[in-house]
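One structure is given below, encoded as structure tokens.
The values are calculated or read from the model by the stated rules, or taken from the named source; none is laboratory data. Nothing here was measured: the structure is a model prediction, and the numbers come from that model. Virtual Cβ from ideal backbone geometry, glycine too; neighbours counted across all protein chains shown.
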Amino acid sequence: MRKNKEKDHFMSEQPQVIRREDYTAPAFLIETVELVFDLDREATTVTSRLSFKANPDRATGAGDQVVLDGEDMKLLSVAIDGTALAASDYQVDATSLKFNAPSDQFVVEIQTRISPVNNTRLEGLYVSQSAYCTQCEAEGFRRITYFQDRPDVMATYRVTINAPRDSCPVLLSNGNLVSSTDLDDGRHQAVWDDPFPKPCYLFALVAGDLACVEDSFNTMTGRDVALRIFVEHGNEDSCDYAMDSLKRAMKWDEDVYGLEYDLDLFNIVAVSDFNMGAMENKSLNVFNAKYILAKSDTATDTDFELIESIVAHEYFHNWSGNRVTCRDWFQLSLKEGLTVFRDQEFSSDERSRPVQRIKDVQRLRAGQFPEDGGPLAHPVRPDSYMEINNFYTATVYQKGAEVIRMMHTLLGTKGYRKGIDLYFERHDGQAVTCDDFVRAMEDANGVNFDQFRLWYSQSGTPNLVWNGEYDAKQQTYRLTIEQKTEPTPGQVIKSDLQMPIKIGLLGRDGDELLAQTIDLTLGKQEFLFEDIAQEPVVSFNRDFSAPVNVGTTPSHDDLAFLMGNDTDAFNRWEAGQKYASDLLINAVKAFGQSGNADEALGDVDAFCNALRATLTNDDLDKAFRAQAMILPGEAMLSEQLQPADPEAIYQVRQAMRRKIGLSLQDEFEAAYRNNASNDAYSPDATSAGQRALRSVALSYLAATGESVFVDLALEQYRTADNMTDRMTALMVLNDQDHPGRDEALADFESRFASNTVVIDKWFSLQAMSSRTDTLAQVKKLMDHPAFTMRNPNKVRALVGAFAMANQRNFHVADGSGYRFYADRLMELDDLNPQVAARLAAPLGKWRKFDEGRAAKMKAELNRILAKENLSRDLYEIASKSVAE
Ligand code: TRP
Ligand code: ZN
């Protein structure tokens, strides 16, 4: 009864579904855009002058009506070819402006008024701290002025900014600065001109009182490019690493892709209110401040790593995204998958390749695999959406990057580069499709990717099972591989995919008998290897060459052997993860009967010995050894259990950590001692690896339960001279019942109270504590003066971390975690629907849990669906998540 009522309520307001198959070319093109901004916090006037031309490729019968998108603004006037339109000459509603085209070529002038200070959605023009900034991707430009807000409408822009000189000394937009002029009444003006045609989602404007750090880069053809990073005053000393990363990224793109920067200046602005990580606007990248600002005492090694990769990512978009852009938003992975692959490879070249691969795969497994196996599964190139902002997903980004990587593997480095060269040569200045990209790869290499293309259209993670048979007489090894993809919502029938599988056959003595990349194309396929002199141990899917689940679990002996002997570093790590998962999963199941985690785990000495061999192997890079010590996370273990019991998983994993800590105590103590550093902090990969190994040691020592090691953590906190060591210590203390915890948290708070980026670490830490008072603490922290629901970083740090990174407490059996979370999502939905929707996925995981939890999670989703004025963003996620 109640359910029906809710349904009816929504039937009438259900948002429209946009389908890929409905794409039609725009009837009109806009070739030049002139914008004039008269900036004012409450009432900014935007004047736009657009030169229209009928599209020669328009669909037949397209008609002569011009439809422009526009939202949340006041239309002041419209004129065509210099003549103002009467109210009867156009129609305006909540989302559009329509009028008839007078001819095939005409100029439209539109005046609108918008209110940046009231823009809590942070899309379009808004105010962050004291500065004005814009965010237009995906569809934010329509909140600035009426326009054909679609990426296949590309124009050159000339932008005039008028603003008070004292509050806005800095006035920025895309392209080149044409002029700066003083106006009367304390205002001044800047005019910017961007010669490269671009879609409106790449438009940007920034104005405010910002400090600037400058440097320059000399390109491969000898041009000097001025590099500037704009930040809040006082942060000038925190830009060095971002600047250095930018220069290294520019050089790398020249060396590896032959791609040179194309303007004489490149600007980055860091703002503290931002919906995502960063944005690649042409020559004016806008960043979430947390991905720019870093000093040794404010940023961890992981922060430095992220800054490096995100600065590179946005820079790389200048070619993969800006010079060649997307025809429509279904093609988002064209730019995102490719650019993620590019930034991953950049990081691999700058740091440790195997460790980078391990981290990328961890991220894929933690974020993308659950998405692909859950209610929000969609192909890399989706077929439909309600709200495009909901499709900036792990599938489009991370799986999209894996698809590019597989093409790289199939074609080899040279063949891949030939394809890339053809792609940019063919499509420079165009808005194209994923299919155009694959065609360039095919044409440059004379290959056929018809079957491979399925990776773009088929959702779901393939499951592979392999079986080996050794024939001692014939000296052959027969490997049989089967692939199967489970149905996903709306896509029941699955096809067999083409994928490159790297394998190795190892002799018991550690000799590599064979290393090869095989081309899997069938549902069941046999591969015969000859001249194999002894029964081998198989190293399967090396380097994670295909993004799949592998169901075959080798024996514990073989896994221990691979941990110590595989020549593929990724698979050494992978063997340890498989071994640990197998032990932990079995123990979680046994825990259900006994309730005793130690007993459930039983004897894990063999596993501990294999870990010991890795920990003490000085031939291995320290960053790798640190990674190899870390057990699969609680969420990862949940993925392998049905239903998953979060409390049992937590207890068993902790018990395992304790056993490892006790078994390897001497080695961890030695690692802790031997990896202390007397040198000044440096963020380079080698030093970071040393710190990572020392951190792992401390954390296992504390897991023994010996209070001396908690004291050691407190000591490390007190004496830390860099944020990495400080956070490691605080993370250990954070889960303890120890006065040192309060001391350290209080110290951290007072030390960093005025640093909005750093204080988020303090919020997150407390939200992620395994202590049972965590929800109460999180509720209390919502009243902290530094917390506000209006800042996405704050919401993600406190509320988001609680649901996404604290499985034990979010899933507490009485449902209080779910209820708290749904309340916050609804509150946020009224302020910033995009961020609310991005945070909603955890409630959609109800299928993974027992009936009691599942019912409570669904009830919260239904409560959200019954909310008044529910956004299209959150409606799409909640409705898809609740569906049986
Ligand atoms: N294009 C950006 C990137 O991946 C992502 C992005 C930034 C974004 N801000 C956004 C996407 C706002 C949607 C909405 O580099
Ligand atoms: Zn991107």
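The table below gives the values:
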read-out	value
Filter pass, Arg113 being touching a strand residue (DSSP E or B) at 6+ places or on another chain (Cβ under 7 Å) and part of a loop (DSSP other than H, G, I, E, B)	no
Within region 330-345, tally of residues that are within 13 Å of ligand 1 (Cβ to nearest atom) and of a type in the set (Asp, Glu)	2
Answer from Ser348, Ser352, Ser384 - the residue that is more than 16 Å from ligand 1 (Cβ to nearest atom) and without any contact (Cβ under 8 Å) to a residue 24 or more places away in the chain	Ser348
Conditions (1) within 16 Å of ligand 2 (Cβ to nearest atom); (2) within 19 Å of Phe28 (Cα to Cα): number failed by Leu68	(1)
Yes/no for Thr156 being away from ligand 2 (no atom under 16 Å from the Cβ), under 31 Å from the mean Cα position of the chain (by Cα) and surrounded by 21 or more Cβ atoms within 10 Å (Cβ to Cβ)	no
Residue in region 204-222 that is within 16 Å of ligand 2 (Cβ to nearest atom), buried (at least 24 other Cβ atoms within 10 Å of the Cβ) and of a type outside the set (Phe, Trp, Tyr) present	yes
Residues of region 275-286 classified as away from ligand 2 (no atom under 14 Å from the Cβ) and outside any strand (DSSP E or B), total	1
All positions within region 228-239 that are closer than 20 Å to Val286 by Cβ and touching a residue at least 40 places away in the same chain (Cβ under 8 Å)	Arg228, Ile229, Phe230, Val231, Glu232, Asn235, Ser238, Cys239
Meets criteria (more than 16 Å from ligand 2 (Cβ to nearest atom), over 22 Å from the mean Cα position of the chain (by Cα) and either touching a residue at least 12 places away in the same chain (Cβ under 8 Å) or in a loop (DSSP other than H, G, I, E, B) (or both)) for Val269	no
Test: Val311 is buried (at least 23 other Cβ atoms within 10 Å of the Cβ), within 11 Å of ligand 2 (Cβ to nearest atom) and part of a helix (DSSP H, G or I)	no
Considering residues of region 231-257 that are surrounded by fewer than 20 Cβ atoms within 10 Å (Cβ to Cβ) and hydrophobic (A, V, I, L, M, F, W, C) only, the residue nearest to Thr756 (Cα to Cα)	Met243
Some residue of region 755-768 being of a type in the set (Asp, Glu) and either crowded, with 19+ Cβ neighbours inside 10 Å or in contact with a His (Cβ under 7 Å, 6 or more places away or on another chain) (or both)	yes
Whichever residue in region 415-436 is of a type in the set (Ser, Thr, Tyr) and closer than 26 Å to Ala25 by Cα and, among such residues, is surrounded by the most Cβ atoms within 10 Å (Cβ to Cβ)	Tyr423
In region 766-798, the residues that are closer than 20 Å to Phe752 by Cβ, part of a helix (DSSP H, G or I) and not charged (D, E, K, R)	Gln766, Ala767, Gln777, Val778, Leu781, Pro792, Asn793, Val795, Ala797, Leu798
Test: Arg165 is more than 16 Å from ligand 1 (Cβ to nearest atom), of a type outside the set (Phe, Trp, Tyr), surrounded by fewer than 24 Cβ atoms within 10 Å (Cβ to Cβ) and free of Cβ contacts under 8 Å to residues at least 40 places away in the same chain	yes
Check on Asp301, in contact with a Ser or Thr (Cβ under 7 Å, 6 or more places away or on another chain), away from ligand 1 (no atom under 15 Å from the Cβ) and over 30 Å from Asp152 (Cβ atoms)	yes
Count of region 334-373 residues which are of a type in the set (Gly, Ala, Ser) and under 19 Å from Lys622 (Cα atoms)	3
Residues within region 334-361 that are over 18 Å from Ser245 (Cβ atoms), within 16 Å of ligand 2 (Cβ to nearest atom) and in contact with a Ser or Thr (Cβ under 8 Å, 6 or more places away or on another chain), tallied	3
Which numbered condition Ser638 fails, given (1) crowded, with 21+ Cβ neighbours inside 10 Å; (2) hydroxyl-bearing (Ser, Thr, Tyr); (3) closer than 27 Å to Arg353 by Cβ	(3)
Matching residues in region 310-324 - criterion: being of a type outside the set (Lys, Arg) and either away from ligand 1 (no atom under 11 Å from the Cβ) or over 19 Å from Val403 (Cα atoms) (or both)	Ile310, Val311, Ala312, Glu314, Tyr315, Asn318, Trp319, Asn322, Val324
The listed residue being among the small types (Gly, Ala, Ser) and more than 30 Å from Phe369 (Cβ to Cβ), out of Ser695, Ser687	Ser687
Filtered residue count, region 437-456, keeping only those that are free of Cβ contacts under 8 Å to residues at least 40 places away in the same chain and surrounded by fewer than 18 Cβ atoms within 10 Å (Cβ to Cβ)	5
Residue match in region 451-468 (condition: within 19 Å of Lys502 (Cβ to Cβ), in a helix (DSSP H, G or I) and not polar (S, T, N, Q))	yes
Residue in region 672-684 that is modelled with pLDDT under 95 and surrounded by 14 or more Cβ atoms within 10 Å (Cβ to Cβ) present	yes
Meets criteria (within 16 Å of ligand 1 (Cβ to nearest atom), free of Cβ contacts under 8 Å to residues at least 60 places away in the same chain and either surrounded by fewer than 23 Cβ atoms within 10 Å (Cβ to Cβ) or under 13 Å from Leu122 (Cβ atoms) (or both)) for Ala836	yes
Checklist (1) away from ligand 2 (no atom under 16 Å from the Cβ); (2) farther than 27 Å from Leu85 by Cβ; (3) part of a loop (DSSP other than H, G, I, E, B) applied to Glu137, failing item	(1)
Criterion (buried (at least 21 other Cβ atoms within 10 Å of the Cβ) and more than 16 Å from ligand 2 (Cβ to nearest atom)) met by exactly one of Asp303, Asp328, Asp297	Asp303
Hey, Lys867 crowded, with 20+ Cβ neighbours inside 10 Å and either more than 25 Å from the chain's Cα centre (by Cα) or within 19 Å of Ala635 (Cβ to Cβ) (or both) or not	no
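Yes/no per residue for (1) within 16 Å of ligand 2 (Cβ to nearest atom); (2) among the small types (Gly, Ala, Ser):
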| position | (1), (2) |
| --- | --- |
| Ala797 | no, yes |
| Ala803 | no, yes |
| Asn809 | no, no |
| Ala822 | no, yes |
| Met826 | no, no |
| Arg838 | yes, no |
